[in-house]
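Presented below is the structure to which this report refers.
The values are calculated or read from the model by the stated rules, or taken from the named source; none is laboratory data. Just so it is clear, the model here is predicted, and its values are computed rather than measured. All Cβ positions, glycine included, derive from the backbone under ideal geometry; neighbour counts span all protein chains shown.
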Amino acid sequence: MGTTALDDHSDDVSDSTEHFKPTGTVFVLALFVATIILLWASVYVILLSRGVTL
Amino acid sequence: MSTELDERPSGGAAEPPLTMGIDPWEKNWMRVSIALLVIFAIAITIAGFAGGFQLPGPESELDPRTVTQSGPWAQPGLRQIGDGQFEAYVLAQTWNFAPRELVVPVGAEVDIYVTSADLQHGFKITDTNVNMMVVPGQVSKLSFTFDDIGEFPYICTEYCGQGHAAMYGTVKVVSEADYAALTTDTATETSDSSATQTTENQG
Amino acid sequence: MTIEERPATATETARQGYELTRWERRFIGGHLIIAITALAIGSLIGPLQALEFSNVDLYQYLEPVLKSYYQGLTLHGVLNALVWTTFFIVGFTNLTTIKGLGRPLSNPKVNQVGFITMIVGLVMAAVPMLLNQATVLYTFYPPLEASWAFYCGLTLVVVGSWIEGLGFYLTLRAWRRDNRGVRSPFIALAGVINAAMWQIATLGIAVEMLTMLIPWSFGITDATDPQLARTYFWFTGHPLVYFWLLPAYVSWYGMLPKQAGGKLFSDSLARLSFWMFLLVSVPVGFHHQFVDPGIPQVWKWIHALLTYAVFFPSMLTAFTVIASLEYAARRRGGTGLIGWVRALPWDDPSVTAQLLAGILFMFGGIGGLTNASYNINLVIHNTAWVPGHFHLTVATAVTLSFIGITYWLVPMLMGKQLWGRKIAVAQSWTWFVGMVIFSNAMHMLGLLGAPRRTPLGEALYVPDEWNGHLLRVSIGGTILLVAVLMYLLVMIKTVRGPKVEAALVPQMPVAESLRDPQLTPVWLDRFKPWLIAAGVLLLLSYGPQLIDQIVHMNLNAPGTSFRPW
């Protein structure tokens, strides 16, 4: 949702006057995504191990 | 409104274009986020609608004021409906489950029907995926196959007053041999082994 | 890397120069006094629950005041989750509206009436709670029946917050008339978006109160439809958590970057995420009713997907807020992939509180995503996992952020300095440590099947394998008690401290964005399209089920013939 509108402006960052690249942010968020997958999947596995309900 | 939509920035003389100004890294982050959510959505959908890890849904409705007088919850308990197949009718009532015990042979497929005669309650069988709200006027149903021998408490998971912490029962999953011995002991009561407990609970 | 600065525009400077009047300071302060008092009383009761898990029953010594665990839990929940949050948020939105726009409220009488209504409602609800006449916890689940005064009082609190919301909206409208073509200042716009979302969301609880609970509690009707009541309740119940969270986001986006010495990384995305919250906060309520009997699975599944959609703006927030902090840290000389974090001003109690709140919120978010994941909810529904989860979100991401805000806001309103900065920093760390222990243990208990809202110390079905976790809940709760006492000490000493010269009084931090907000597209500054879209989405996602349940309404559940607590 909304992504098509965002994509229309895909190269517009050039109008910004600064050159800050958020590399540290990307690193922190990569750790975050890994944690999401790990913890979410661990509960998903518990669900699968406890038997069907249908 | 329409004139306001035509507004252009009043700040710079050069009037740069109106943009979101999204950092390319941030755009990639959006893609990662969406991909992650889509993958999770597929995983739960497949497990739910193809794999049988399904939620309870509308089963039937009844009048909680008369539920103990007639119908299956007038005599809650376990009934055998086929080879290894059972129905369990459990009545939640402040602060007891009737029956307090469901004894089934290992491998039993049980359709579990729960309703309440008074307040909202919860019904969760420990170490299984059976977890339902029990709402007066509604029948909650899930089916479960008990593949492991052992005792599995079913616990009231919704606050229902002072005795809430004492409100639980137990599913006892026993071996085929033990179950056969048990059913011959109680002779005639194979189809409703819990009738006596029920009267006790409601006293 | 080089970092160039955008100088503040003239309008930004002028807005920030607005000085609060004495009336405004007292009015905002009035909200905060009630909020902090509620937090104090509610939080002091919390550890009683945590200790009960280890069989330390302090309730027996409090018998004249608190009759039971459940009365204590009711007070803890209502005071902390409803009163502290709502009064703080409404007071804070007064501030962001006035200071954000740089002008007084357009209709201060409206806000005054709203505030008085909230106070009347609070008193009305507090009396039955204290008299043990409303020990129903903070969910309105008939046929568990509280005193009529409890229902009427909480209804008035919500109505009062609507009236104040109207006051914010009128003020923003007046500002827009005088500033055509200028983008609304982010913090003011965000506060009003939250108020608008709240007004839509609370329609559910309003209908539940007015059509079912209040007539029933007065004895006009005999019975209730509990399934329909649950649907009404959760129409409001989930957006309620965004109503709590969004003011914390206002601070994280609009203030914290300034406090850390930087700027808002993306004005556009900050706005976009708020509009997305307006759009998708409400049509998600069935994810609290996944294991309800009376709702078709397909509607539960649709709401699960919509809940995934509302996770997206929080992911945007994670990027924008962390990037804003990284920008600040690099300006302060921070280096390395992760080492920059150390360069943030960890000696500033307000910053530390919000950073720690944000860190725990990442884990709260993961738990929330798990809760929303359709059948995964079978594993944790109504288990101790759930309070474990919302103690990371409302009790840390929100509460610790609000505490951090009070560290500059209370001194600012009173013309004083914060007392005991080091104690205040330690307070946040204590809260953090206590909450990590407490909530981790609660999550583990939930996975093992321990029910929520239950005095597990006296429960008969508790196996030995739960004991270690139960003990950790008690330890975490006790550490949190220390953190609460430290906070109260800092607040009391600050309030009682001497007035200081203006230069020493903290200023309100308002972060400028890296790019000129005038470059933000106009569609991110307009209410109408977003409100229409929200209405349409709501009709599609809730309409069919609501109509079905209302048409088939069956008022046949009278409850118990005795008071069940």
Search result, residues across the stretch C:320-376 that are under 26 Å from the mean Cα position of the chain (by Cα), of a type in the set (Ser, Thr, Tyr) and either more than 8 Å from chain A (Cβ to nearest Cβ) or part of a helix (DSSP H, G or I) (or both): C:THR320, C:SER324, C:SER350, C:THR352, C:THR370, C:TYR374
Scope the stretch B:106-142; condition surrounded by fewer than 19 Cβ atoms within 10 Å (Cβ to Cβ) and without any contact (Cβ under 8 Å) to a residue 40 or more places away in the chain; matching residues: B:GLU109, B:ASP111, B:ASP127
Count - residues of the stretch B:141-165 that are farther than 19 Å from C:THR383 by Cβ and part of a loop (DSSP other than H, G, I, E, B): 6
Residue check, B:ALA166 at pLDDT 95 or above, among the aliphatic types (A, V, I, L, M) and surrounded by fewer than 22 Cβ atoms within 10 Å (Cβ to Cβ): yes
Lone unmet requirement of (1) surrounded by fewer than 23 Cβ atoms within 10 Å (Cβ to Cβ); (2) within 14 Å of chain B (Cβ to nearest Cβ) for C:GLY261: (2)
Selected residue (only one of C:VAL78, C:VAL65 is closer than 19 Å to B:GLN162 by Cα, assigned to a loop (DSSP other than H, G, I, E, B) and either out of contact with any Pro (no Cβ under 6 Å at 6 or more places or on another chain) or aliphatic (A, V, I, L, M) (or both)): C:VAL65
